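Every number here is computed from the coordinates shown, using simple stated rules; none is lab data. Computed from a prediction, not measured in an experiment: that's the story for all the values here. When we count neighbours, we look across all protein chains shown, and the Cβ atoms used for this are built from the backbone with ideal geometry, even at glycine.
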Protein chains: 2
Amino acid sequence: MSSHIRRTMPLFPMGTVMKLTDLSARQIRYYEQHHLITPDRSEGNRRLYSLNDIDRLLEVKDLLDQGINMAGIKKILLKDDSQAEKLETKESSAKPKKEFTDEELRKLLRKELINAGRFNRSSEVERRFFH
Amino acid sequence: MSSHIRRTMPLFPMGTVMKLTDLSARQIRYYEQHHLITPDRSEGNRRLYSLNDIDRLLEVKDLLDQGINMAGIKKILLKDDSQAEKLETKESSAKPKKEFTDEELRKLLRKELINAGRFNRSSEVERRFFH
DNA sequence: AAGTTAATGTTAGTTTTTATTACATAAAAA
DNA sequence: TTTTTATGTAATAAAAACTAACATTAACTT
């Protein structure tokens, strides 16, 4: 649970993600159009990516490098994800309800980041950049 | 990629650092004025912080929370850091250099003891945040 | 008590970064 | 060949971040 909060916290703006993934802004937004990631937004509408988002982008990049096209990548990464299926069919206006305010989430994340044990499995980006 | 490069890589813009440290932009820039951090800059002059920078900011925050003032924090964090020494000398070259006397140090120490109850965190952010 | 200093807040004006949208293009698929 | 895919590029608007200056408050000094 704590790991989940830590890795889903919307933290990184576009520029950071571009550097971490070596993808262009165009590419990153394109993959979002295809629902492979759904980054949160700042109050001012800037995209904010989580560690999970960055992981996912690196997976997409990997698969593309292997010659797999978007349709295949979707099939692979969004497999039996009913939420994504819905999004795929139609722009769903149903947003996930927020249980926490942004402020509360921030505090939780920081706490988790600070206190989190090392027993959580590493994400791709963590392995690549932070170990 | 070596650990040093990873941890000194200029990655995070101000907003991200504010969230990770719960410090204001004003505070973060103030600590930079005092040479406690020296973030890199983007091509467009935006500050880019590394994991090491964030570590340092959290240390500063910790020490401030313990009632230690900037002078003491500098003494503690910049000790035998030749780069910082150079900067320090350069900036105050026109002014009389204010030394930190034993008396002042004892005062700081007393303050710290009075505010004791917390433990010193000397660990780095990388470990706390991303492992 | 009054005056200084230290640490941080706030505000204003400017530059950089990001978002959106539209059009362009090379390579792959049909 | 024509169409689709994945990505590039350009124009414009808005947010985020910069610098600099002035404001404020709590902590020291005298």
Query - 3J(HN,Hα) from dihedral phi, segment A:20-37, Karplus parametrisation 6.51/-1.76/1.60, rounded to Hz, x for glycine, proline - result: 5, 9, 6, 10, 7, 4, 4, 4, 4, 5, 5, 5, 5, 4, 8, 6, 6, 9
Query raised in the report: Taking a point 7 angstrom from the Cα of B:Asp22 along the C-beta vector, which residues in segment A:1-32 have backbone N less than 18 Å away?
Result: A:2-3, A:5-7, A:9-11
Query raised in the report: Which listed residue (A:His34, A:Met18, A:Thr8) has the Cα farthest towards the positive end of the charge dipole for segment A:1-64, taking +1 on Lys and Arg C-beta and -1 on Asp and Glu C-beta about the Cα centre?
Result: A:Met18
Query raised in the report: What ranking of A:Leu64, B:Leu51 emerges when the number of other C-beta atoms within 10 Å of each C-beta is taken as an exposure proxy, fewest first?
Result: A:Leu64, B:Leu51
Requested in this report: Return A:Glu59, B:Glu43 ranked ascending by Cβ neighbour count within 10 Å, so the fewest neighbours appear first.
Outcome: B:Glu43, A:Glu59
Query raised in the report: What nm value, rounded to one decimal, do you get for the distance between B:Asn45 and B:Met14 when each label is placed 7 Å out toward the C-beta?
Result: 1.2
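For A:Ser50, A:Ser3, B:Ser3, what's the fewest-to-most ordering of other Cβ within 10 Å of each Cβ? If you can, show how the numbers build up before the last one.
On the way: A:Ser50 23, A:Ser3 15, B:Ser3 11.
Arranged by neighbour count, lowest to highest, A:Ser50, A:Ser3, B:Ser3 become B:Ser3, A:Ser3, A:Ser50.
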Query raised in the report: Once amide H atoms are placed 1.01 Å from N in the peptide plane, what residues at a sequence separation of 5 or more from B:Tyr49, or on another chain, have their amide H within under 5 Å of its amide H?
Result: B:Leu11, B:Phe12
